[in-house]
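Each remark here refers to the structure printed beneath this line.
Since every read-out is calculated from the coordinates, none of them should be taken as a lab result. All figures in this text were calculated on a predicted structure; none of them were measured in a lab. Here Cβ is always computed from backbone atoms with ideal geometry, including for glycine, and neighbour counts include all displayed protein chains.
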Amino acid sequence: MKVWRGDRTGGEFVEYAVPSDPGMVVLDVIHRIQAAHAPDLAVRWNCKAGKCGSCSAEVNGHPVLMCMTRMSEFRGGEEITVSPVKTFPVIKDLVTDVSFNFEKAKQIPPFKPKPKEPDGTRRMYQEDVDRVQEFHKCIECFLCQDVCHVIRDHEENKPSFSGPRFFVRLAALEMHPLDTNDRLELIRLKHGLGYCNITKCCTEVCPEDIHITDNAIIPLKERVVTAHYDPVAWALRRIRRTGQASPAPSEPQSKAQPPSA
Amino acid sequence: MRDIERHQYDVVVVGAGGAGLRAAIEAHANGAKTALVCKSLLGKAHTVMAEGGIAAALANVWKEDNWKVHFRDTMRGGKLLNNWRMAQLHAQESPERVLELEEWGALFDRTKDGLILQRDFGGHRYARLAHVGDRTGLEMIRTLQNRAVAQGIDVFMECTVRHLLVDAGRVSGAVGYWRQTGRLIAFAAKAVVLATGGVGKAWKVTSNSWEYTGDGIAMALDAGADLIDMEMTQFHPTAMVWPLSVRGILVTEGVRGDGGTLKNNKGERFMFKYIPDFFRADTADTEREADAWYEDKRSNRRTPDLLPRDEVARAINAEVKAGRGTEHGGVFLDIASRRPADYIQRRLPSMYHQFKELADVDITKEAMEVGPTLHYIMGGVRVDADTAATTLDGLYAAGEVAAGMHGANRLGGNSLSDLLVFGRRAGLAAADYAKRGAAPRIDEAQLGAYADAIAAPFQRSGNENPYQIQADLQDTMQELVGIIRTKSELEEALVRIERLRARAARVRVPGTRVYNPGWHLALDLENLIGVSEAVIRSALVRTESRGGHTREDYPKADPEWGTKNVVTRRRAGRLELVTEAIPGVPNELQALIGEDKPAGQVATGEPVVIGGKE
């Protein structure tokens, strides 16, 4: 297996050979390399069961979770390369600086529930929470961010585009049966929803099978369009919003203006 | 001059799983300047892996449920070794804490009338676990994470706290390093909350992630705080056993809660043979009653498949030892023949996915092969029930790192609720303490010595490999300090621990300080070895079998031991172990628990028939 070794100044693929066992995943091989040949080989991982989203990397160029990629998927003798996700700056080896995502998370206005039912409960029905529960499956592996062309190939878009992970998050909030916060204008202006041209690359790589494009991004686009360009809806929102929206804790201004949705 | 980044806070919370996040949220909400420090990225802590649910007597499914029943289940499940006050607070407050998560955006599965749905789990009399399919921990950690971020709490990610700083008998801060750069970082703090979880990575077969190296337990011990019940380790009965590379990965108890049953290689539902007297009155003794219980809890008793985890793990161990196991050394867990495929996929999506992807097993069509995995430690840092204060001034502990709540064995689902209840209490008490406390004084000589110790693995002359030492430690603990223990093996383990300690002192790591896992492990090893020693010594002291601690040479629960904690502390560099009486249960609560005590022989895998039904 060839593993990319290096840091922000550059690097190269280094070939390693370790013994294999049935059922091994790519992450097992990385661990064996660490133990036997390269104790300082940098890699993130936690659960090793596809639940935490830490061990994202590109295996033969495909963004995957290393813990869920079995060695048996490759043909005998096939060259296997493991490299860090491309969209974020390398720190060392397979570890990248994903702080972009944590900064974007800070810019999302929080959940703000409506008042409780008269009997003091919160009543929501399974059919009403199903679609939001799909979004809550997100394990923040950021593979959707990695594969998204808007930021993968265009560093300059990063300040004004939050990426598929955060469209999923925003959709989860917007479609939450109890939420009252209003984020549509922000989604258009600050999170850059309009940049997305629905190529569905994010959906394809999602290890949780979240239908990011169909269930999150497209419905959000429809909501933004309705809110922004339908004059009646616009006027109603202006009235309703007064005293209602609470902004995110910190709102750094982005200079780039995204195209409209 | 050493390059150390400096910070000053009222409260520093170490660990950002459920307990740490909840503590930080509470400390911040109470006006404390709060830092949240974690080894991984935010949201990746072990809580994310919790599957089945959060135990809370919401009484949404069974109106008969209330905190008293939950308290009783917890105490009996813990074989009465629990700190009664913690068990009481936990049972009383967990419903509130769960509902609070809903106020912060969590979306649990729903009942038909729109309330939070609850599922059956081991040792719980009623369906009690609020859940989201089998990914409850993810929902919980994301909800708390989003809340903490929205509050603007300062988060130090990929930052490892290595030592506590102590001045004049109280905590004054902590020192560690940034994993990404290797730069040292020191926090001056009026109060520190430990929320670092357990020590599963000392065992070979474990459900725990790399982070579980006993950091908080080791730091508390080194700083002079008391530990209790370190011999009490939980082997979760059901984890994957095949292929080898996934051995130890958890299979949620929810599989049994939702109707799955354990079978040996003869197709026999063997749990009926392992019903201890202590649970006999609450447990079904026929398959018919066990199966009927899922639908009707009023006229049937609970299936023995859902006995507390220690009982089930020992039973599986005994079946395998008796030659009735599967090809790969486990037993069968069958839900495929008992529930429809669409029900299984809806209730247990992660399990379906995990077996399909990692083992080529379709759990809607075939039985799973499962076996025990080291999952949790009930022992840990001794705390005050109401405030989570440790025996060291200014130091608090919540979650798995703390001890007492679960006694000798934790019930499934009681961990997530523990994190919320005592995380909140720790945050509150630490913020209060910080308001009263004077500004901390950092002992610069102490800080300097710790800084040098952190850098030491780069400068040593030895040639030991930290990964090899960890593997050898894991073999030792797996082989000699497993489900069934005995004096001679524990003594052998101590001998090996001393050798490992000597080797660990000769670890030399190559490379730079930038994101260097070999270096990180070299430091974590010291914690792993120190905490393992405490486990082994405590296991030698407790000459009985109770909950997570089973002695082949003392195979019965001893009522006398049932009144004692094993206390471990470090004095003058050496571990000191004593026994102390556990706090007595007030009469009105004792009445809830019942007067009987666990007493009979447990299944050690010897040819002894437990329960006498064969």
Mean separation of Cα contacts under 8 Å, 6 or more apart, over the residue count of region B:372-484: relative contact order %: 20 percent
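Count charges around residue A:151 for me, please; just the other residues with Cβ under 14 Å from its Cβ, Lys/Arg as +1, Asp/Glu as -1.
Numbers: positive: A:86, A:104, A:152, A:158, A:165; negative: A:97, A:103, A:146, A:153, A:155, A:156.
Value of the local net charge: -1.
With loop defined by DSSP as not H, G, I, E or B, and exposure as at most 13 other Cβ atoms within 10 Å, which is the longest segment of chain A clear of exposed GluC sites (Glu not before Pro)? Display every interim value, and only then the final one.
Numbers: sites that count: A:78, A:79.
It works out to A:80-261.
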About the Cα centre, charge dipole magnitude for chain B (Lys/Arg +1, Asp/Glu -1 at Cβ), debye: 620 debye
Evaluated over region A:99-241, the Cα radius of gyration and Dmax, each in Å: 15.6, 53
Euclidean distance of C-alpha centroids, region B:550-592 and region B:41-100, integer Å: 23 Å
Where N is the number of residues in region B:89-180, Cα Rg divided by 2.2 N^0.38 Å: 1.51
Modelled FRET efficiency - R0 51 Å, residue A:86 with residue B:560, Cβ distances, 0.05 increments: 0.20
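Calculate, for residue A:60 and residue B:472, the FRET efficiency according to 1/(1 + (r/R0)^6) with r their C-beta to C-beta distance and R0 30 Å; round to the nearest 0.05. Working shown, then result.
Numbers: r = 34 Å, r/R0 = 1.15.
Calculated value: 0.30.
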Cα pair distances of region B:456-569 binned at 5 Å [whole percent]: 2, 12, 20, 18, 14, 11, 9, 6, 4, 2, 1
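Please go through the residue pairs A:116/A:190; A:190/A:221; A:114/B:112; A:106/B:190 and name each one whose alpha carbons sit more than 24 Å apart in this structure.
Values: A:116/A:190 31 Å; A:190/A:221 14 Å; A:114/B:112 21 Å; A:106/B:190 27 Å.
Over 24 Å apart, Cα to Cα: A:116/A:190; A:106/B:190.
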Distance from region B:262-297 to region B:102-180 (C-alpha centre basis), Å: 34 Å
Chymotrypsin sites (Phe, Trp or Tyr not before Pro) restricted to DSSP loop in region B:173-221 with at most 16 other C-beta within 10 Å: none
Top positive-direction residue, dipole computed over region B:250-367 with Cβ charges, set B:363, B:271, B:300: B:300
Antiparallel %, DSSP beta bridges [both residues in chain B], to 5: 65 percent
Net charge of neighbours whose Cβ lies under 10 Å from the Cβ of residue B:438, counting Lys and Arg as +1 and Asp and Glu as -1: +4
Shape category assigned to region B:241-371 from the gyration tensor of Cα positions, a/c cut at 1.5: oblate
Degrees separating the helix B:84-103 axis from the principal Cα axis of chain B, which is the longest one: 90 degrees
Cα shape, the protein assembly as shown, gyration tensor, a/c 1.5 rule: rounded
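Add +1 for every Lys or Arg and -1 for every Asp or Glu among the other residues with Cβ under 11 Å from the Cβ of residue A:192, and state the total.
Once all neighbours under 11 Å are counted, the net charge is +4.
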Region B:293-354: trypsin sites (Lys or Arg not before Pro) in DSSP coil with no more than 12 other Cβ atoms inside 10 Å: B:298
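Can you compute the charge dipole magnitude of the protein assembly as shown about its Cα centre, using +1 on each Lys and Arg Cβ and -1 on each Asp and Glu Cβ, nothing else charged? Give it in debye, rounded to the nearest 20. List each step's numbers first, then the result.
On the way: 114 positive and 117 negative charges, 272 e Å.
Its charge dipole is roughly 1300 debye.
Starting from the eigenvalues of the Cα gyration tensor, five times each then square-rooted, give me the equivalent ellipsoid semi-axes of region B:166-319, largest first, whole Å.
Working: eigenvalues 363, 74, 36 Å².
Output for region B:166-319: semi-axes of 43, 19, 13 Å.
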Other-chain or far-sequence residues with amide H under 5 Å of residue B:226's (modelled H): B:382, B:391, B:392
Dimensions (Å) - region A:2-96, Cα atoms, principal axes, largest first: 36, 28, 24
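Which loop GluC sites (Glu not before Pro) in region B:204-269, with loop taken from DSSP, have no more than 12 other Cβ atoms within 10 angstrom of their Cβ? Could the numbers behind the result be given before it?
Working: sites: B:211, B:231, B:253, B:268; in loops: B:211, B:231, B:253, B:268.
Sites meeting the loop and neighbour criteria: none at all.
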Cα point-scatterer Debye curve for region B:70-115, base-10 log of I(q)/I(0) at q = 0.17, 0.19, 0.31, 0.33 Å⁻¹: -0.62, -0.70, -1.02, -1.09
Cα long-axis angle, helix B:136-151 against chain B (0 to 90 degrees, to the nearest 10): 30 degrees
Alpha-carbon centroid distance for the pair region B:333-351 / region A:90-153, whole angstrom: 27 Å
Nearest 10 degrees, 0 to 90: helix A:231-241 Cα axis against chain A principal axis: 90 degrees
Rounded if a/c under 1.5, otherwise prolate or oblate - region B:247-296, Cα gyration tensor axes: prolate
